[in-house]
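The values are calculated or read from the model by the stated rules, or taken from the named source; none is laboratory data. Remember, it's a predicted structure, so these values are computed and weren't measured experimentally. So basically every Cβ, Gly included, is an ideal-geometry build from the backbone, and we count neighbours across all protein chains shown. Ligands, DNA and RNA are excluded from the accessible area calculation, which covers all protein heavy atoms including side chains. Shrake-Rupley method; radii C 1.70, N 1.55, O 1.52, S 1.80 Å.
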Amino acid sequence: MEVSKKVRVKALVASLIGSAIEYYDYLLYGTVAALILNDLFFPTFSPLVGTLIALASFGIPYFFRPLGGIVFSHIGDKLGRKRSLVLTLSLMGGATMLIGLLPTYDTIGVWAPILLITLRLIQGFAVGGEWGGAVLLAVEYSENKNKGFSGSVPMMGSAVGLLLGTASVSLMSLLPNDQFLAWGWRVPFVLSIFLVFIGLWIRNGLEETPDFQKAKDEGTISKLPIADTLRYHWKEVLLTAGAKAVETAPFYIFSTFVISYATTNLNMNKVPILNAITIGTLVATILIPIFGTISDRVGRKAIFMWGTGGMLIFAFPYFLFIQTKSILMVTIATIIGFALWAMITSVLGTLFSETFSANIRYTGISVGYQLGAALFGGTAPLVAVALVAEFNSWVPVAIYIIFISLMAMICMAIVKTKHTITSVTDTPAPLNETITINTK
């Protein structure tokens, strides 16, 4: 199927911008939760318990992500990728803006945390359908020789989103503390609505992807995608969830838990930590498309295994660097951690896309990805804080990262990337990346 270069570029831009905005909205909460939400919304608890509850409110919505993945991927596999993506971005933007406008516990009492968690659940529901649609928008529009690069572009969304979120909170943290607590933390939430309007404008200008249009023309669209996915591809769903673990757990330990750990346990100032995360995320943003391009030549699994092996090896050195309390060492540790994460996340979207056939692809990749995010991502900061509190040591957290890495390597060794994605040109797919479709 012939698609112009202009359309392919527009699809990549729409995928990146929409994904970045969604993850900015979603991850912004994690940064703020680690700093002040326990004081504003859960003040009746001790500092430790308040932080745990604030981080729990960060993690609970992850269990709504698989539900969102099922609902929005059903729309995406039945009615089209575009419709689903417009809905997810609209929901996310509205919930994020409202979080920025919420009264605190001192104003409305117990309704403050109730409303906060409700809006977080809506965010989790929305982001559950975002990732799969953004990846397919990029991959299904791309040429076979560039699938790795194209699949890495939406994966930059979480890095760009975290970069924007951390940078905005870091900027507002320059305010006097009483002003930051009173209104400064709200500004990044409220202003995100303008980014959402930009994302909606770009996504509305695209047609449906070649793969979806082909399935529609051939009449192969699944009547109930989730049923077909769980009936024929349940093993692939579990394996992709396991592989996702090493991409999501370390990411939130490096970006969210470390803020709480460094400020509470090591008595470090929050601004240098936020700056280190901003620098690390910027490095990751640059590296993701580079690793994606390399994967078009050496294979997706090779990049994934190298990154995961590096994560396993770096688990202990990362915390040894943090323990020095040196801003330079903390920054170096953060850069290395995010570089390894970039290697893993750069290939995840394309790998998962090549694991499922087009008629249930949105559902398959969304359920597997969001299940992994729910089990290992949103819980990571909470698990890490609890482990440090229980053992008064960072060592169990490092062991946790090693365990996650080993599990992910096993899952990736087993999973088969057996489905060819429709080419938008006559260029044949790389032989080491495709196998004839098994339609079962």
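Quick look at the numbers
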{"quantity": "Test: THR434 is closer than 28 Å to ILE273 by Cβ, surrounded by fewer than 24 Cβ atoms within 10 Å (Cβ to Cβ) and at pLDDT below 90", "calculated": "no"}
{"quantity": "Residues (in contact with a helix residue (DSSP H, G or I) (Cβ under 7 Å, 6 or more places away or on another chain) and of a type in the set (Gly, Ala, Ser)) located in region 293-308", "calculated": "SER295, GLY299, GLY307"}
{"quantity": "Among the residues listed as MET311, MET305, the single one being open to solvent by 20 Å² or more (accessible area, probe 1.4 Å), of a type in the set (A, V, I, L, M, F, W, C) and assigned to a helix (DSSP H, G or I)", "calculated": "MET305"}
{"quantity": "Residue identified as open to solvent by 10 Å² or more (accessible area, probe 1.4 Å), aromatic (Phe, Trp, Tyr) and out of contact with any Gly (no Cβ under 6 Å at 6 or more places or on another chain) among PHE291, PHE319", "calculated": "PHE291"}
{"quantity": "Criterion violated by VAL397 - all others in (1) in a helix (DSSP H, G or I); (2) within 20 Å of the chain's Cα centre (by Cα) satisfied", "calculated": "(2)"}
{"quantity": "Selection from region 226-247 of residues that are open to solvent by less than 40 Å² (accessible area, probe 1.4 Å) and at pLDDT 90 or above", "calculated": "GLU236, VAL237, LEU239, THR240, ALA241, GLY242, ALA243, LYS244, ALA245, VAL246, GLU247"}
{"quantity": "Among the residues listed as ALA159, ALA134, the single one being in a helix (DSSP H, G or I) and out of contact with any Asp or Glu (no Cβ under 9 Å at 6 or more places or on another chain)", "calculated": "ALA159"}
{"quantity": "Residue in region 45-63 that is modelled with pLDDT under 70 and assigned to a loop (DSSP other than H, G, I, E, B) present", "calculated": "yes"}
{"quantity": "Enumerated helices (runs of 4 or more DSSP H) restricted to region 199-281, each holding at least 2 residues that are under 19 Å from LEU382 (Cα atoms)", "calculated": "234-252"}
{"quantity": "Where a residue in region 90-115 is under 30 Å from SER19 (Cβ atoms) and its partner, wherever it lies, is open to solvent by 20 Å² or more (accessible area, probe 1.4 Å) and of a type in the set (D, E, K, R), with Cβ under 6 Å and at least six apart", "calculated": "GLY100/ARG186"}
{"quantity": "In region 103-139, the residues that are within 20 Å of the chain's Cα centre (by Cα) and charged (D, E, K, R)", "calculated": "ARG120, GLU130"}
{"quantity": "Index of the failed condition, ALA284 passing every other in (1) crowded, with 24+ Cβ neighbours inside 10 Å; (2) under 18 Å from GLU354 (Cα atoms); (3) not β-branched (Val, Ile, Thr)", "calculated": "(2)"}
{"quantity": "Neighbours by Cβ (under 9 Å, 6+ apart or cross-chain): first from region 167-186, farther than 10 Å from VAL32 by Cβ and assigned to a helix (DSSP H, G or I); second open to solvent by 20 Å² or more (accessible area, probe 1.4 Å) and of a type in the set (Phe, Trp, Tyr)", "calculated": "none"}
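Yes or no, residue by residue, for (1) without any contact (Cβ under 8 Å) to a residue 60 or more places away in the chain; (2) in contact with a Cys (Cβ under 8 Å, 6 or more places away or on another chain); (3) under 20 Å from THR263 (Cα atoms):
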| residue | (1), (2), (3) |
| --- | --- |
| LEU274 | no, no, yes |
| PHE291 | no, no, no |
| TYR318 | no, no, yes |
| ILE335 | yes, no, yes |
| ALA373 | no, no, no |
